[in-house]
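Okay, structure first, notes after.
The values are calculated or read from the model by the stated rules, or taken from the named source; none is laboratory data. Everything numeric in this text was worked out from a predicted model, so none of it was measured. Neighbour counts run over all protein chains shown; Cβ positions are idealised from the backbone, glycine included. For accessibility, only protein heavy atoms count, side chains too; no ligands or nucleic acids. Shrake-Rupley method; radii C 1.70, N 1.55, O 1.52, S 1.80 Å.
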Amino acid sequence: MKKRVHFMCTAFRDGFQSVFGARVFTKDFLPAVEAAVDAGIDHFEAGGGARFQSLYFYANEDAFDMMESFRGAAGKDANLQTLARGINVVGLDSQPRDIINLHAKLFKKHGISSIRNFDALNDVNNLIYSGQCIHDAGLNHEVVVTMMALPPGTPDADRAHTPEFYVNTLKEILDAGIPYNSVCFKDASGTSTPATVYETIKKARALLGEDTHLVFHTHETAGTSVTAYKAALEAGANQIDLSLAPVSGGTSQPDVVTMWHALRGTEYDLGVDVKKVQKAEEIFKKQMADYFMPPEAKSVEPLIPFSPMPGGALTANTQMMRDNGILDRYADVANAMGEVVERGGFGTSVTPVSQFYFQQAFNNVMIGPWKKIAEGYGKMVLGYFGKTPIDPDPEIVKLAQEQLGMEPTTELPIDINDKDPKKGSEYANSMLKEANLPINEENTFIAATCKEKGITFLKGEAKVGVRKKSEEDKKAEEKPAAASKPAASKPAPSGYTVTINGQPYSVELKGDQAVVNGKAYNISVQEGISRTQQAAPAAQQAPAQSQQQAAPAGPQQQQASQPAPAAAGGGETIEVEAPMPGILLRFTAKEGDTVSEGDEILVLESMKMETPITAPDSGVLKELKSGQGNQVTAGEILAVIETNAGGAAAQPQQQPAQQQAPAQPQQQQAAPQPQQQQQAPQQPAPQPQPQQQAAPASGGGEETPLEAPMPGLVLRIPVKVGDQVNENDEVIVLESMKMETPISAPVGGSISAIEVGQGDQVQAGQILIRIQG
């Protein structure tokens, strides 16, 4: 007689998070849930994790409404399970006791049966209260030990993430008396070797006895999920997690049909009607047909064991890099994660720690090794999220202490949170009151876990950020079928690919507008070439020394090349542009306010970090161009400031300003490949400041441009034209993501030109300074 293998269908939570960044509308997947129930599936992952915040941030939907709709589609007897992050519950930040307790009560109220509860550091102290709340609310509590493989060659690898380490963590859970209904070993990165999985599950089964329901969870990202699942079953696991096409494989879990096939001829059976499962998948594929599928979401990634990057975070991070035009650096960032994991104390690469690792690796690649400690990573090594599996590198702890201005702590994070005046129900309710919103338990929880974006949703001002295919994508998919039929006549093209200086731009003509890489420009076309354009100054072209070519001038750029008309007060108007794509999180100034140079006027959220945007000059904030919650693109005008009359800013620019070309549409980017570099969107030509003239070259040596490693604000420039500098001398300081980033001279020589001024917003790759060697 075959052994029945229980499985949970993760398609509608982990599948969505791993493939679509959790951005899916409820109405689009409910028919697939009904089809899955008809196929005999009765255990579903139905929310939690990133599928809570994402609904408010991107889908303009209420997560509690989604849970109730899921319950309606799955039926009253289905086991609906969500994912919780210990004391972080369903957010990236940790919470105090009142919000942790409210989480369990509300999820029970809105149709959930079970909660899987984990802590990324395997700090059992973070599971005690959260687990008790889940149990007390009448929910099934599945307590978790998190797993991953350390990158090959990691020093002290025998001290953590071994079978002995995992079983010792399980013993701590048992000794703490945490109530539970089942135990899960969760590998979000899919990197644990099958041998480690086998030994871990075997030891856990011996410790727990035969009656405990034992679960193993992994991802296909590293290509070993089916082998790992078979190892877990052979070692005594009762349950594995599987997904459904089109959100199976790759960064997600293996498919139900794939696992069914892998178990053929063995003693194990999934107990499903595979033909009905296939029918459910056909319905699911049809429902998801309009969604943009990142190519990396469906791929096995050989880099993962060296990072390790969880499937649920990989596509979210590559999409952010794609949005910022730096996807070509993905392989470098992934490779940098190994050292970040090692020196950070070996916390498991799962949310939120996986994001801390990614942000620190990103900083190490884009700024320089350990030049800038990311806030989350720094707080982790200082102890503010709990105890790491082994002590972090003392040198990194010291850097975090110095840069964040925080002392290391051994105090329990939940106790720290209880004392934090900006956390908890009282503070959340003050946000609701200020926004004139009703105060109830659901709204309190939304405000506490989603902050400003939760308030924006509740006010009815949230924007939709779900990625669906463009009409061009759909037409491209139809081309193979159309090609087999002879065409009576060749239709007019709907768009063009225009290549300038080796950089391709997608151009679509729509009436009196040209849509360039997804951004619309007003245009007018007439025969002949204007003499004005023929005589355009050479300064409009990017300098030959730049490694990146200037973006082609669009109609708005041509307008920007003319001096702005003087305002009534005699001042000049200055446009404040977005330094990067992001969501307009909040305004800190309003129209009509008088602002000083460097004052914060609004805050963007990008790469899961807040970026303050400051006034480039003093004056009056005349206009705010966008609204709270809007998604903005790099180079988009956010605000207009009328400068003080007679000030330096009122002097005419010596060169026409150029606007950055819009970022490439997401669907046109290639998947990240370790050996294949992708070209980032082109940066605007540098704008010399009136007071900074290039010094004449004295020696005839090679001139080296110094480029910005990331978008940011020029905080200060401690050198001037003509100064002699040595290699690695600090020559400029940027402020980005609320952090100061010193930029050093790449070579020794003389400062021949300073291309930016204090207070300027600069783009990644923009030339800041030129050094004559």
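Some notes on this structure:
- Cα-projected label distance for A157 with N79, points at 7 Å along beta-carbon direction, nm: 3.5
- Under 20 Å from K422, Cα to Cα: aspartates and glutamates that are on another chain or at least 8 residues apart: D93, D98, E375, E407, E411, E434, E441, E442, E452, E605, E610
- Under Karplus coefficients 6.51, -1.76 and 1.60, residue-wise ³J(HN,Hα) of segment 83-88 in Hz, glycine/proline x: 10, 10, 9, x, 7, 7
- Of E68, E636, E45, the order by accessible heavy-atom surface (1.4 Å probe, DNA, RNA and ligands excluded), from most exposed downward, is E68, E636, E45.
- Of all aspartates and glutamates in the structure, the ones whose alpha carbon falls short of 16 Å from that of K2, not counting any fewer than 8 places away in one chain, are E234, E267, D269, D273.
- Sequence-ordered 3J(HN,Hα) estimates for segment 289-301 from the Karplus curve with 6.51, -1.76 and 1.60 and θ = phi - 60° stand at 4, 8, 7, 6, 9, x, x, 5, 5, 9, 10, 7, 10 Hz, glycine and proline given as x.
- Extension reserve of the E426-D391 stretch, reckoned as 0.36 nm per residue once the Cα distance is removed: 9.1 nm
- Set K27/K468; K27/K463; K379/K459; K108/K202; K105/K423; K109/K285 screened for pairs whose C-alpha atoms are more than 22 Å apart: K379/K459; K108/K202; K109/K285
- Per residue, segment 206-302 exposes 39 Å² of solvent-accessible protein surface, assessed with a 1.4 angstrom probe and all protein chains in place.
- Given their separation in residues at 0.36 nm each and the Cα-Cα distance between them, D593 and D211 gain 130.8 nm when the chain is fully extended.
- Efficiency of FRET from Cβ geometry, E434 and E282, R₀ 60 Å, rounded to 0.05: 0.75
- In nm, spacing of pseudo-spin labels at E727 and E234 (7 Å Cα→C-beta vector): 5.4
- Karplus (6.51, -1.76, 1.60) ³J(HN,Hα), θ = phi - 60°, over segment 40-45, in Hz, Gly and Pro reported as x: x, 7, 10, 10, 10, 7
- Computed packing ranks the peptides 190-202, 348-360 as 348-360, 190-202, most packed first, by mean other Cβ atoms within 10 Å.
- Between amide H atoms placed 1.01 Å from N, distances below 5 Å from E755 occur with I769, R770, all of them 5 or more places distant or on a separate chain.
- Within a straight-line Cα-Cα reach of under 18 Å, K469 can be paired with the following aspartates and glutamates, leaving aside sequence neighbours fewer than 8 residues apart in one chain: D28, D290, E296, D323, E477, E478, E508.
- Amide H to amide H distances under 5 Å link A639 with V576, K625, where only residues 5 or more positions off or on other chains count and H is placed in the peptide plane.
- Whole-Å distance, taken between Cα centres, linking segment 318-345 and segment 356-428: 19
- Nonlocal amide H pairs with T614, under 5 Å, H built at 1.01 Å: I601
- In this simple spin-label model, placing a label point 7 Å from the Cα along the Cα-to-Cβ direction at both T193 and N168 gives a separation of 1.9 nm.
- Peptides ranked, highest mean first, by Cβ atoms within 10 Å: ranges 177-186, 5-14: 5-14, 177-186
- For the peptides 579-588, 250-259, the ranking by packing is 250-259, 579-588, with the highest mean count of neighbouring Cβ atoms within 10 Å listed first.
- Take the Cβ atoms of E702 and L92, set R0 to 56 Å, and the FRET efficiency comes out at 0.80.
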